[in-house]
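Trainee: This is the structure, below, for whatever I ask next.
The values are calculated or read from the model by the stated rules, or taken from the named source; none is laboratory data. Note that the coordinates shown come from a computational prediction; the quantities given were computed from them, not determined experimentally. All Cβ positions, even for glycine, are placed from backbone atoms using ideal geometry, and neighbour counts span all protein chains on display.
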Amino acid sequence: MPTKIFSDNATTFVGAEHKLRELKMAFLAQSAEVKGFVAEEGFSFTFIPPRVPHFGRIWKAAVKSSKHHIVRVISNALLTVEELSTLLAEVEAILNYRPLTPLSQDPNDGEALTPAR
């Protein structure tokens, strides 16, 4: 479960954040076990400023890469839940093993820094 959610400032996301706050308040009115879980497992929204989409460049690039791989594999196929879960795990592995930077300046060193390391 995420602890911090970053999002653009679209009306839908702002509205969802307000609804989740209302839901949190409803949970807090419940029993002590529910209060403890909500307090321990809470999360927060962080919005980029309005009308500046370039602030979300990093995660939008990640979404674009993910969609690229998923669309190439699925095209018009109907997948079961297990097939979709497997596909998403494979796409995650592909994206997590992309090199970010080389570890050394030596061209013979085949190691690279990846998100998975």
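Trainee: If Val38 passes every condition in (1) in a helix (DSSP H, G or I); (2) modelled with pLDDT of 80 or more but one, which one does it miss?
Mentor: (2) is the only condition that Val38 fails.
Trainee: Identify all residues within region 58-77 that are surrounded by 11 or more Cβ atoms within 10 Å (Cβ to Cβ) and over 18 Å from the mean Cα position of the chain (by Cα); write none if there are none.
Mentor: Val73, Ile74
Trainee: May I pose another question? Of the residues that make up region 18-31, is at least one under 25 Å from Leu95 (Cβ atoms), modelled with pLDDT under 75 and not in a helix (DSSP H, G or I)?
Mentor: The initial filter retains those residues of region 18-31 that are under 25 Å from Leu95 (Cβ atoms), namely none.
Checked region 18-31: no residue is under 25 Å from Leu95 (Cβ atoms), modelled with pLDDT under 75 and not in a helix (DSSP H, G or I).
Trainee: Right, next: Within region 57-76, can you find the residues that are part of a helix (DSSP H, G or I) and polar (S, T, N, Q)? Working first, answer last.
Mentor: Step one: of region 57-76, the residues part of a helix (DSSP H, G or I) are 57-74.
Hits for region 57-76 are Ser65, Ser66.
Trainee: Of the residues in region 91-117, how many are at pLDDT 85 or above and either part of a loop (DSSP other than H, G, I, E, B) or surrounded by 13 or more Cβ atoms within 10 Å (Cβ to Cβ) (or both)?
Mentor: The qualifying residues number 3.
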